[in-house]
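One structure below.
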């Protein structure tokens with residue numbers, strides 16, 4: 001690595017992978033609970049497993065983004081990190097907060113946890129994805145602000161590149177929009193309206209900027225294509241992302257009590273949301289095709305290309321499937337949403353963090369790339385996880401279509417639980433695909449321990 | 001407001017072979033990236049126009065009645081302003097190709113002024129509508145009228161920002177007969193803003 | 001494209017706009033008026049694309065994309081008008 005302070009990224013990457021494992025294990029638990037309702041009851045009820053599954057995902061991706069930023073920014077700014085010590089300190093604060101929160105979820109009934117953590121002072125809990133107790137939410141804000149301070153100061157004292165500016169814009173946006181998690185109006189319509197400002201404007205807005213910046217950084221490194229060319233395409237993608245993503249928020253406002261025009265705004269702009277993802281796919285492949293060097297890290301290149309394809313499929317295509325208001329009228333809140341959620345999160349954010357880890361981790365360990373055997377193992381992990389997520393998505397899509405038919409379209413509609421019984425076969429298939437995913441994850445982790453000949457970084 | 005566009009205009013030396021289809025031998029004027037962006041914009045407007053047309057089909061009486069309440073004179077005046085702006089930009093490019101640098105800068109300024117005029121006329125139109133108590137929720141026609149024209153309004157502003165950046169560079173003699181890639185990039189975007197209005201005006205203001 | 005040609009095209013565009021405005025002001029409606037209005041808009045669009053955007057004579061792809069866009073949108077507008085008439 002070029003700058004000593006980049007080494008802090010390693011901590012973040014390791015913790016991210018640890019939480020990734022936790023996320024997948026709880027995913028398997030709740031996947032089984034879909035079909036064996038009392039599995040692990042009362043120790044781990046479904047709602048708790050779900051909370052851990054989704055929150056662990058968010059936290060490990062945030063860890064990954066932070067690690068990526070700590071790795072990228074010194075190299076982009078051509079200077080050491082403003083304060084490596086602060087970065088390490090914040091890592092432990094963040095990890096401790098995450099661990100305590102998960103323990104709280106698992107050991108204390110949720111209502112008790114709310115009482116213990118002062119939810120009556122400022123009620124913010126009990127909303128999907130924003131279940132964290134107040135101290136955790138405050139902790140996230142503190143960690144994010146200190147992190148942003150550290151990164152911003154580094155950029156300010158060093159060189160300012162398009163990539164670090166886009167990254168900063170994304171990270172500041174991330175912190176800013178999280179503040180809406182503290183706003184919890186009594187009016188349910190308003191509550192949902194602003195809830196999406198965290199949930200949607202993260203994943204379909206500012207996170208995409210972070211994704212674009214990370215992808216651009218890795219592509220410059222592994223392809224050797226001119227920075228100017230890559231930055232220009234980054235700008236085009238970012239602009240398209242922001243326009244379609246921000247107004248596309250409307251696709252969440254169809255049926256929650258907001259004015260009717262959101263059905264038009266939401267439909268039209270979110271129909272265009274696949275464009276930036278498609279541009280990203282073209283971008284990744286073109287840069288790799290025009291490469292000026294053969295980087296020894298083949299696995300990182302594979303992850304980068306995978307991000308391009310899978311984010312387009314998961315976020316672009318599967319998002320478009322149910323984004324138009326007349327379609328969404330039938331599909332909202334069904335397994336179609338779950339299908340889209342799985343492939344979009346994996347294809348866009350999981351893969352981009354793994355791209356970064358794949359590129360940076362060998363260098364942090366003092367070599368340009370992992371030994372050939374380790375890379376082969378990593379590529380096996382890539383295919384196992386990617387193919388199984390495709391199958392999870394397909395099974396959930398099938399479950400969703402059947403569910404919609406039985407529950408919302410058929411002449412004599414079934415109740416929710418009756419319909420769930422009818423789609424159980426697909427849930428079983430999804431669970432088995434999940435087991436394959438876990439296998440892929442185990443292979444992935446094993447790949448870090450495969451030894452062999454390596455070139456120095 | 002959009003750093004991307006400024007940077008595109010500032011990197012004239014780049015003629016990237018970002019080959020989307022290798023079949024075409026010659027590139028459109030300006031940077032290829034702006035053309036990808038223009039196609040995305042055209043698609044967005046196209047979807048909007050088609051939505052309008054299809055919705056009108058189901059509400060012909062409402063749309064025909066509401067259309068009469070629009071200020072057609074303002075719409076026509078704005079059309080002329082945009083056409084004049086486009087003409088200025090085209091003349092600016094023609095001027096720089098003849099290495100008449102001062103004239104090119106002046107024409108660009110003329111185009112920016114036309115854009116400014118468009119915004120002023122449009123604001124008068126909006127304020128009249130808002131005073132009449134019209135908003136997005138008034139009816140489907142006005143939802144479309146306000147959405148479509150405001151989306152276009154934002155594009156005029158973006159186009160003006162791009163032209164302003166190009167004008168500033170032109171004034172400092174950054175472009176010449178040999179090198180005017182950046183100016184053509186900005187020009188292409190501005191013509192797109194004009195082109196979509198040429199569809200919007202008859203569709204929303206006139207045809208019934 | 002020289003300056004004189006650009007000026008002529010500008011004049012044509014203004015005249016086209018004037019006719020469209022006149023058709024609207026004098027309350028012309030119905031299929032004949034709409035066909036005329038859309039035809040004028042199409043011609044104006046083509047002039048912009050070919051001569052101002054300067055997509056004339058640069059091969060097939062880009063002119064086809066932009067002109068195709070114009071004709072497709074205008075065609076759908078006309079078709080929906082026809083159906084609702």
Only one of A:186, A:191 is part of a loop (DSSP other than H, G, I, E, B) and out of contact with any helix residue (DSSP H, G or I) (no Cβ under 9 Å at 6 or more places or on another chain). Can you tell me which?
A:186
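Please enumerate the residues belonging to the stretch B:92-102 that are under 14 Å from residue B:169 (Cα atoms) and touching a residue at least 12 places away in the same chain (Cβ under 8 Å).
B:92, B:93, B:96, B:101
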Look through A:374, A:398 and report the one residue that is touching a helix residue (DSSP H, G or I) at 6+ places or on another chain (Cβ under 6 Å), closer than 25 Å to residue A:333 by Cβ and either part of a helix (DSSP H, G or I) or without any contact (Cβ under 8 Å) to a residue 40 or more places away in the chain (or both).
A:398
Out of curiosity, is residue A:160 more than 21 Å from the chain's Cα centre (by Cα), under 20 Å from residue A:70 (Cβ atoms) and surrounded by fewer than 17 Cβ atoms within 10 Å (Cβ to Cβ)?
yes
Pick from the stretch A:212-241 the residues that are outside any helix (DSSP H, G or I) and out of contact with any helix residue (DSSP H, G or I) (no Cβ under 7 Å at 6 or more places or on another chain): which of them is nearest to residue A:351 (Cα to Cα)?
A:224
Candidate set: the stretch C:26-37, residues that are assigned to a helix (DSSP H, G or I) and at the interface with another protein chain (Cβ under 7 Å from one of its Cβ atoms); chosen: the one farthest from residue B:185 (Cα to Cα)
C:34
For residue A:168, state whether it is over 25 Å from residue A:327 (Cβ atoms) and either in a helix (DSSP H, G or I) or in contact (Cβ under 8 Å) with a residue 12 or more places away in the chain (or both).
yes
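With the condition kept exactly as written, say whether any residue in the stretch A:253-263 is under 19 Å from the mean Cα position of the chain (by Cα), closer than 21 Å to residue A:176 by Cβ and touching a residue at least 12 places away in the same chain (Cβ under 8 Å).
The answer is no, given that none of the residues of the stretch A:253-263 is under 19 Å from the mean Cα position of the chain (by Cα), closer than 21 Å to residue A:176 by Cβ and touching a residue at least 12 places away in the same chain (Cβ under 8 Å).
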Where in the stretch A:255-333 are there helices (runs of 4 or more DSSP H), lying fully within it, with 3 or more residues that are more than 14 Å from chain B (Cβ to nearest Cβ)?
A:298-311, A:318-321, A:325-331
Filter the stretch C:70-85 for residues that are buried (at least 22 other Cβ atoms within 10 Å of the Cβ) and under 12 Å from the mean Cα position of the chain (by Cα); the one that is nearest to the other protein chains (Cβ to nearest Cβ) is C:73
Assess whether residue A:325 counts as being more than 24 Å from residue A:435 (Cβ to Cβ) and crowded, with 18+ Cβ neighbours inside 10 Å.
yes
Kindly list, by first and then second residue, each pair from a residue in the stretch B:45-64 that is within 22 Å of residue A:269 (Cα to Cα) to a residue that is outside any helix (DSSP H, G or I), limited to pairs with Cβ atoms under 9 Å and residues at least 6 apart or on different chains.
B:47/A:272
Quick check on this structure: which one of C:65, C:46 is surrounded by 12 or more Cβ atoms within 10 Å (Cβ to Cβ), outside any loop (DSSP other than H, G, I, E, B) and more than 8 Å from chain B (Cβ to nearest Cβ)?
C:46
Considering only residues that are farther than 18 Å from residue C:81 by Cβ and exposed (fewer than 13 other Cβ atoms within 10 Å of the Cβ), which ones fall in the stretch C:20-42?
C:22, C:25, C:26
Among A:19, A:57, A:89, the single one that is over 15 Å from the mean Cα position of the chain (by Cα) and either at pLDDT below 95 or not assigned by TED's automatic domain parsing to the domain that holds residue A:392 (or both) is A:89
Among the numbered criteria (1) surrounded by 14 or more Cβ atoms within 10 Å (Cβ to Cβ); (2) assigned to a helix (DSSP H, G or I), which single criterion is violated by residue C:4?
(1)
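The values are calculated or read from the model by the stated rules, or taken from the named source; none is laboratory data. Keep in mind the model is a prediction, meaning the values are calculated, not measured. For neighbour counting, all protein chains shown are included, and Cβ atoms are generated from backbone atoms with ideal geometry for every residue, glycine included.
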